[in-house]
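The values are calculated or read from the model by the stated rules, or taken from the named source; none is laboratory data. Only a predicted model underlies this, so the values are computations on that prediction, with no experimental measurement involved. Cβ placement follows ideal geometry from the backbone for every residue including glycine, while neighbour counts extend to all protein chains displayed. All accessible areas refer to the heavy atoms of the entire protein, side chains included, with ligands and DNA or RNA removed. Shrake-Rupley method; radii C 1.70, N 1.55, O 1.52, S 1.80 Å.
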Amino acid sequence: MAKKMTLEESFDALDVIIGELQGGELTLEESFQKYEAGMKLIKNCNDSIDKVEKKLMVLSEENE
């Protein structure tokens, strides 16, 4: 089982994908595959950020 990427690793992978898509040298199928991979990375980033936000809310409520 592959280890889950950190938020920073996901952002780095997204940067690579964006560069490849902007390069204009991919076929339509390759572009679609990169797009799908990018969307999965974005979902993982959003999930990670949501978890952190929830933890911060709990900590904030505990300190009130």
Requested in this report: Work out how much length Asp50 to Met5 would gain on full extension: take 0.36 nm times their residue separation and subtract the Cα-Cα distance, in nm to one decimal.
Outcome: 14.7 nm
Query - 25 Å Cα-Cα reach of Lys51 towards lysines, excluding residues that sit fewer than 8 places from it in its own chain - result: Lys3, Lys4, Lys40, Lys43
Query raised in the report: Mean residue ellipticity at 222 nm from the helices of the chain, using -39,500 (n - 2.57) per DSSP H segment of n ≥ 4 over the full residue count, to the nearest 500 deg cm²/dmol?
Result: -29000 deg cm²/dmol
Report task. Calculate how steeply helix 7-23 sits against the longest principal axis of the alpha-carbon atoms of the chain, using the helix alpha-carbon long axis, and give the answer as 0 to 90 degrees to the nearest 10. Result -> 20
Report task. Starting from the residue with the highest accessible area, list Asp50, Asp12 in decreasing order, probe 1.4 Å. Result -> Asp12, Asp50
Report summary line: Among (i) 5.0; (ii) 5.7; (iii) 4.2, the entry matching mean projected area of the Cα convex hull in nm² as calculated here is (ii)
Query raised in the report: Where does each of Ser48, Ser60, Ser10 land when they are ordered by accessible area, with a 1.4 Å probe and the largest first?
Result: Ser60, Ser48, Ser10
Requested in this report: Measure nothing fancy, just the Cα-based angle from helix 28-62's long axis to the longest principal axis of the chain, in degrees from 0 to 90, nearest 10.
Outcome: 10
Report task. List the trypsin sites (Lys or Arg not before Pro) within the chain that fall in a DSSP loop (any state other than H, G, I, E or B) and whose Cβ has at most 11 other Cβ atoms within 10 Å. Result -> Lys3, Lys4
